[in-house]
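S.K.: Sharing a structure below in structure tokens format, with a few things to ask.
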Amino acid sequence: MSWNRLRLGMDGDGEELTAQETALYDRQIRVWGADAQRRLSKAHVLVYGMKGTVAEFCKNIVLAGVGSLTLVDDRVATEEALSSNFLIPPVESVYGGKTLAELCCNSLKDFNPMVRVSVEKGDLSNFGVEFFSKFDVVVVSCCSLSAKKLANDKCRKLSKRVAFYAVECRDSCGEVFVDLQDYKYSKKKQEETIGCDLKYPSFEDALSVPWRTLHKRMSKLYFAMRVIEKFEEAEGRSAGEVSIADLSAVLKLKKDLCIAQSLSESHVPDALLERLVTNATEFPPVCAVIGGILGQEVIKAISGKGDPLKNFFFFDAFDGKGIIEDISAK
């Protein structure tokens, strides 16, 4: 049995694709093969936090033919959410009083009836380790720094490997974090197939790497996102609950963190922080970019096709650049 057949703890000797699946996914089977499509069709994905970026991701993997998708977001839909989440029907009589997960679930079912899309209620921090064992991939957003760390830690306690992703999008900037733990895969190099092994740090371990040890050209967005996360955590705010009124306090925290981390303040531009706190809502085109990258990475992890991202991805629409940073303890 090859490494690829052990991907994400799924049994490589499971059922073959049905004739209906083969016909529906014919084009992508030609790209990544029937075995990769079969693994995708047997994978179970959990998503927490239905914001615009995550909606784009969900659309992508549902169209690709993931086995099942479970959505968790008990927040009631508001008119503000319509600006970036295209899965919410733009009619108040339809979305009024319903949760974001319920509305998105109904819309996603229409994209691909062969994918099982369901809703689970609850708070991310309250789900036990066994809850996460039902899934092969966990994607979290719209939650506190501590909640992300806790969810990642629970995934790592399982006997099987669960791929963990944390994604955030603020204004015209976005970030994806990836933890595939000890990830083995194979790829072709010239005429031979070689085995590859990547070791990923947890979210907490990655964030614990001292700033002064990072390379000088490290993405400024990495530092800016950490400052705002720390501010929200210190103030007891929900993710994205910042405004221009908080700018002076955020800038003060930046200065304190830079001193503590022995990092020049020039690495965290005031103008960037101002953008992130002035408009914490998502810019729809950036949602499409980040959601597309996230969907691509999850499909890679499930299918075993292609080199996976390790371990942060940053995108800023101001310069149009996507940057991959490997932030791991040396």
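S.K.: Answer with yes or no whether SER219 is of a type outside the set (Val, Ile, Thr), in contact with a strand residue (DSSP E or B) (Cβ under 6 Å, 6 or more places away or on another chain), at pLDDT 95 or above and outside the structural domain of VAL298 (by TED's automatic domain parsing).
M.R.: yes
S.K.: Of the numbered conditions (1) open to solvent by 10 Å² or more (accessible area, probe 1.4 Å); (2) at pLDDT below 85; (3) over 22 Å from LEU294 (Cα atoms); (4) not aromatic (Phe, Trp, Tyr), LYS98 fails exactly one; give the number of that condition.
M.R.: The failed condition is (2).
S.K.: Then there's this: Looking at region 289-309, which of its residues are of a type outside the set (A, V, I, L, M) and out of contact with any Lys or Arg (no Cβ under 9 Å at 6 or more places or on another chain)?
M.R.: Here is the first cut: in region 289-309, the residues of a type outside the set (A, V, I, L, M) are 291-292, 295-297, 300, 303-308.
Of everything in region 289-309, those that are of a type outside the set (A, V, I, L, M) and out of contact with any Lys or Arg (no Cβ under 9 Å at 6 or more places or on another chain) turn out to be GLY292, GLN296, GLU297, LYS300.
S.K.: I would also like to ask the following. Report yes if some residue within region 262-270 is assigned to a loop (DSSP other than H, G, I, E, B), open to solvent by 50 Å² or more (accessible area, probe 1.4 Å) and among the polar types (S, T, N, Q); otherwise report no. Walk me through how you get there before you give the answer.
M.R.: Step one: list which residues in region 262-270 are assigned to a loop (DSSP other than H, G, I, E, B), which gives 262-264, 268-269.
From what's left, open to solvent by 50 Å² or more (accessible area, probe 1.4 Å): 262, 264.
From what's left, among the polar types (S, T, N, Q): 262, 264.
There is at least one residue in region 262-270 that is assigned to a loop (DSSP other than H, G, I, E, B), open to solvent by 50 Å² or more (accessible area, probe 1.4 Å) and among the polar types (S, T, N, Q).
S.K.: Would you pick out the residues in region 40-76 that are open to solvent by 10 Å² or more (accessible area, probe 1.4 Å) and not acidic (Asp, Glu)?
M.R.: Correct list: SER41, LYS42, HIS44, TYR48, LYS51, LYS59, ASN60, LEU63, SER68, THR70, ARG75, VAL76.
S.K.: Out of region 82-95, which residues are free of Cβ contacts under 8 Å to residues at least 24 places away in the same chain, of a type outside the set (S, T, N, Q) and open to solvent by 20 Å² or more (accessible area, probe 1.4 Å)?
M.R.: Across region 82-95, the qualifying residues are LEU82, PRO89, PRO90, VAL91, GLU92, VAL94.
S.K.: Residues of region 277-288 being assigned to a helix (DSSP H, G or I), surrounded by fewer than 21 Cβ atoms within 10 Å (Cβ to Cβ) and of a type outside the set (Gly, Ala, Ser), which ones?
M.R.: Answer for region 277-288, where residues must be assigned to a helix (DSSP H, G or I), surrounded by fewer than 21 Cβ atoms within 10 Å (Cβ to Cβ) and of a type outside the set (Gly, Ala, Ser): THR278, PRO284, PRO285.
S.K.: Examine region 186-207 for a residue that is assigned to a strand (DSSP E or B) and in contact with a helix residue (DSSP H, G or I) (Cβ under 8 Å, 6 or more places away or on another chain), and state whether such a residue exists.
M.R.: Yes; the residues of region 186-207 include at least one that is assigned to a strand (DSSP E or B) and in contact with a helix residue (DSSP H, G or I) (Cβ under 8 Å, 6 or more places away or on another chain).
S.K.: Name the single residue that is nearest to GLY295 (Cα to Cα) among those in region 106-164 being among the charged types (D, E, K, R) and open to solvent by less than 10 Å² (accessible area, probe 1.4 Å).
M.R.: Checking each candidate, the answer is ASP136.
S.K.: Moving on to the next point. Please find, within region 293-330, the residue that is nearest to LEU82 (Cα to Cα) out of those that are open to solvent by less than 30 Å² (accessible area, probe 1.4 Å) and small (Gly, Ala, Ser).
M.R.: Taking the candidates together, the pick is GLY295.
S.K.: Hey, among the residues in region 208-224 that are among the polar types (S, T, N, Q) and assigned to a loop (DSSP other than H, G, I, E, B), which one's farthest from CYS169 (Cα to Cα)?
M.R.: Here the answer is SER208.
The values are calculated or read from the model by the stated rules, or taken from the named source; none is laboratory data. Quick caveat, the model's predicted, so the values are computed rather than measured. Note that each Cβ is placed from the backbone with ideal geometry, even for glycine, and that neighbours are counted across all protein chains shown. All accessible areas refer to the heavy atoms of the entire protein, side chains included, with ligands and DNA or RNA removed. Shrake-Rupley method; radii C 1.70, N 1.55, O 1.52, S 1.80 Å.
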